[in-house]
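To start, the structure itself, in structure tokens.
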Amino acid sequence: MRHMRHIAGGWLEMEGGSKMDDVVPFGKYKGQPVVALAQDQQYAEWLVAQPWFRERYATIYNVIVNNFGQVSEDTPQHNAAQALFLDDAFCVSFVKTVVPQWPEKQMCTLIDNLSEQMKLGNLDKWYRNELEVAVAWQRGEIDGTAKVGVGFETGKTKLAYPDSRWALLAVDVLLEVEYKCGEFSFAYQCFRIEVKPSVGDDYPSVLRQMKRERADTLFIGEYVGEGVTREQFVKIFNNEGIRVVFRLSVAA
């Protein structure tokens, strides 16, 4: 259930049972509810940049980052997780984690479909050549290559399948991976990724944010919530069409 709390300068949307009314146990706002931090942007931004704060007060950290819209998420932990996608090998490993048996399963499905059309006499020269290349790959006679396209803080795709529907809706990472053999493209995946070092009981705010941005994948370091289990947390996001990928599940 969502609630609105009035603060200086406007209204702050909160999650019921989100820890907003917990008391700050340190510093200049000691003894005051966590929501009081929303009125001091400079102090809140300083806090989320401190390693000790995230380590010792993970619940309050997540409330600030995921609910106080004016506070930057550009923490060292967030930036480090985002930078992992600069490595093509990590990107390919990420795809294989999210899409099991990629690209082998897609290649085999394509071969079956083209072979069936071949029997019916429905293939022109291009598709016959494509089938020959795919079968040669299946026999181990040739190798394919994975081409990676990565964008940061953008909604624009770069590779073979440009999609302008959500180009103006930027996400943390826009990842594309295309598997090719020669001139033929056999498997393509695109992910609109939201990066979070950690998510807690304020996960509904993260879910709403991702829906607004049309993000389809949550890349997360850890789940630290108490209200629902990790499995329930993942199922809630899956139910809304969003994948949840934990950092430790992706081979380095």
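Bear in mind that the values in this text are calculations on the coordinates, not laboratory data. These figures come from a predicted structure and were not determined experimentally. Note that each Cβ is placed from the backbone with ideal geometry, even for glycine, and that neighbours are counted across all protein chains shown.
Results, tabulated for the structure shown:
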read-out: Gap separating the Cα centres of the range 136-152 and the range 184-252, nearest whole Å; value: 26
read-out: Theoretical gain in end-to-end length, Ala251 to Glu213 [0.36 nm per residue, Cα-Cα removed]; value: 11.0 nm
read-out: Length gained when the stretch Met118-Leu169 is fully extended (0.36 nm per residue, less Cα-Cα span); value: 14.2 nm
read-out: Lys/Arg +1, Asp/Glu -1 at C-beta; the chain dipole; positive extreme among Gln82, Gln39, Phe233; value: Gln39
read-out: The range 202-252: Cα Rg divided by the 2.2 N^0.38 Å rule of thumb; value: 1.10
read-out: Between 0 and 90°, nearest 10: helix 230-239 axis offset from the chain longest Cα axis; value: 60
read-out: Using a Förster distance of 30 Å, the FRET efficiency for Ala89-Val135 (Cβ separation, nearest 0.05); value: 0.60
read-out: Cα centre as origin, Lys/Arg/Asp/Glu Cβ charges: the chain dipole, Debye; value: 300
read-out: Rel. contact order, % - alpha carbon contacts under 8 angstrom, at least six apart, the chain; value: 15
read-out: Sum of side-chain charges, Trp137 neighbourhood, beta-carbon under 12 Å (Lys, Arg +1; Asp, Glu -1); value: -3
read-out: Sites Lys156 and Val23 - FRET efficiency at Förster radius 35 Å, r taken between beta-carbons, to 0.05; value: 0.20
read-out: Cα-projected label distance for Gln41 with Thr229, points at 7 Å along beta-carbon direction, nm; value: 4.2
read-out: Relative contact order %, the range 128-252, counting alpha carbon pairs below 8 Å whose residues are six or more apart; value: 17
read-out: Greater than 20 Å apart at Cα, pairs in Lys158/Lys180; Lys119/Lys180; Lys156/Lys235; Lys211/Lys235; value: Lys119/Lys180; Lys156/Lys235
